[in-house]
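Inspection log for the structure reproduced underneath, given as structure tokens.
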Amino acid sequence: MKRFPILLLSLSVIVAAETRSIAARAGTAVFPFLDICYDARTAAMGGASMGLPADLYGVRTNPAVLGYLQSPQLTMSYVPYFLNLDLSGTQTAFGMPLSTGGRHLGALSALFLYFSGGSLQEINEAGINTGRLWHNYSMAGALSWSDIVWETFSIGATIKGINEPVYSPGTYYATNGMACDLGAQYRLDNSRIILGMAVRNLGLAYSTHGSGELPLSTSGSIGISYIPANLPSSRLAADLVKATDDFLNCNIGIETDIYHRQLFIRGGYTFSSRDVEEALNRLGGEQNESYRKTNWNGLSLGLGLSTMMNKAIVAIDAAYVLRVDMIEPAPCFSALITF
């Protein structure tokens with residue numbers, strides 16, 4: 001059936017808009033929804049997360065952050081990506097430290113991702129709308145464990161199951177997968193300097209419609225965050241990320257405490273090695289008028305509010321991600337509750 005690969009490709013391109021580059025190999029791997037920024041803190045800082053003291057917010061990208069968890073936490077996020085296409089994502093997670101008989105056993109978390117891919121009209125080989133409507137969604141469930149194994153050095157691992165169906169009345173196709181993430185984080189000078197690294201989406205995927213084994217977008221990331229001595233209220237962060245179906249990307253961000261650890265402002269930007277190459281070409285007078293930024297995200301901005309509420313610490317975060325090529329901006333909203 002020719003129409004199904006065409007339909008699946010169309011859905012993949014739409015869902016991949018947040019993270020995939022406009023390159024020859026971009027979007028060739030399945031499950032691009034796994035690489036979207038769901039929490040507002042990470043989104044506001046341009047996707048930088050490897051070296052942040054992010055608690056449960058950071059477990060999706062680097063499970064090793066979970067090892068520093070000292071109290072139970074619950075996080076919920078909502079990301080309305082393209083409102084006119086009914087595309088949106090949610091993330092819910094709960095984590096808690098483990099101990100028995102006074103012995104610390106690390107920390108454990110459970111996470112659930114859901115991305116609504118909206119609906120598409122079926123177009124046949126002749127280019128005619130058949131009137132048949134196809135629907136798509138993606139979801140993943142993950143369990144993560146992490147522990148501090150030496151001084152302030154933590155390791156962590158995540159195992160996740162993934163399901164991505166495409167269906168219409170009387171017809172159902174699905175792509176399923178299993179994957180794992182491995183991460184590490186090292187905190188220096190009372191967390192003034194934090195180094196982090198992770199390998200994500202190691203695994204396999206297969207389809208129920210005869211396509212066989214499919215490629216996952218496996219990625220490796222390394223990052224650092226730093227509080228400058230002359231800017232003690234700000235944390236600078238930078239990640240380098242290389243996925244199997246994308247260019248080398250750099251995510252940079254800054255977070256500034258503007259009122260007693262209760263009010264924060266954030267900003268960030270994402271660019272690729274290809275973007276840098278094109279910028280150098282322009283400086284050398286070799287401007288390519290047809291060139292487009294490889295990642296559709298532009299400047300990102302955000303706010304964070306933290307307060308006590310019934311003996312719990314409640315953090316509310318919001319991000320606003322501007323996009324290139326006249327694509328509508330993407331807001332993001334998150335809440336993190338520490339009990």
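The values are calculated or read from the model by the stated rules, or taken from the named source; none is laboratory data. Source: prediction; values computed, not measured. For neighbour counting, all protein chains shown are included, and Cβ atoms are generated from backbone atoms with ideal geometry for every residue, glycine included.
Structure notes:
- Residue pairs meeting the criteria (Cβ under 9 Å; at least 6 apart or on separate chains; first at positive phi, in region 314-332; second among the basic types (Lys, Arg)): Asp325/Arg292; Asp325/Lys293
- Answer residue from region 116-127, given it is buried (at least 16 other Cβ atoms within 10 Å of the Cβ) and not hydrophobic (A, V, I, L, M, F, W, C) and is modelled with the highest pLDDT among those: Ser116
- Lone unmet requirement of (1) under 25 Å from Gly220 (Cβ atoms); (2) in contact (Cβ under 8 Å) with a residue 60 or more places away in the chain; (3) within 16 Å of the chain's Cα centre (by Cα) for Ile254: (3)
- Count of region 89-115 residues which are polar (S, T, N, Q), closer than 19 Å to Thr61 by Cα and surrounded by fewer than 18 Cβ atoms within 10 Å (Cβ to Cβ): 2
- Some residue of region 124-141 being basic (Lys, Arg) and in contact with an Asp or Glu (Cβ under 6 Å, 6 or more places away or on another chain): yes
- Entry remark, region 124-152: residues being touching a Ser or Thr at 6+ places or on another chain (Cβ under 6 Å) and either within 17 Å of Ala198 (Cα to Cα) or in a strand (DSSP E or B) (or both) number 9 in total.
- Those residues of region 120-145 which are of a type outside the set (A, V, I, L, M) and farther than 15 Å from Val166 by Cα, in sequence order: Asn124, Glu125, Gly127, Asn129, Thr130, Gly131, Gly141, Ser144, Trp145
Condition check ((1) over 25 Å from Val30 (Cα atoms); (2) surrounded by fewer than 15 Cβ atoms within 10 Å (Cβ to Cβ)) across all residues:
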{"residue": "Trp150", "(1), (2)": "yes, yes"}
{"residue": "Pro165", "(1), (2)": "no, no"}
{"residue": "Thr171", "(1), (2)": "no, yes"}
{"residue": "Tyr186", "(1), (2)": "yes, no"}
{"residue": "Ile194", "(1), (2)": "yes, no"}
{"residue": "Ile224", "(1), (2)": "yes, no"}
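- Those residues of region 302-329 which are farther than 25 Å from Gln73 by Cβ and touching a strand residue (DSSP E or B) at 6+ places or on another chain (Cβ under 6 Å), in sequence order: Leu322, Arg323, Val324, Pro329
Yes/no per residue for (1) aromatic (Phe, Trp, Tyr); (2) free of Cβ contacts under 8 Å to residues at least 60 places away in the same chain; (3) closer than 27 Å to Leu202 by Cβ:
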| site | (1), (2), (3) |
| --- | --- |
| Arg60 | no, no, yes |
| Thr75 | no, no, yes |
| Pro80 | no, no, no |
| Gln121 | no, yes, no |
| Gly141 | no, yes, yes |
| Asp147 | no, no, yes |
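- Counting only residues that are at pLDDT 95 or above and not small (Gly, Ala, Ser), region 99-114 holds 5 of them.
- Just one of the numbered conditions (1) assigned to a loop (DSSP other than H, G, I, E, B); (2) at pLDDT 95 or above is not true of Ile22: (2).
- Matching residues in region 280-339 - criterion: being at pLDDT below 85, within 16 Å of the chain's Cα centre (by Cα) and among the hydrophobic types (A, V, I, L, M, F, W, C): Trp296
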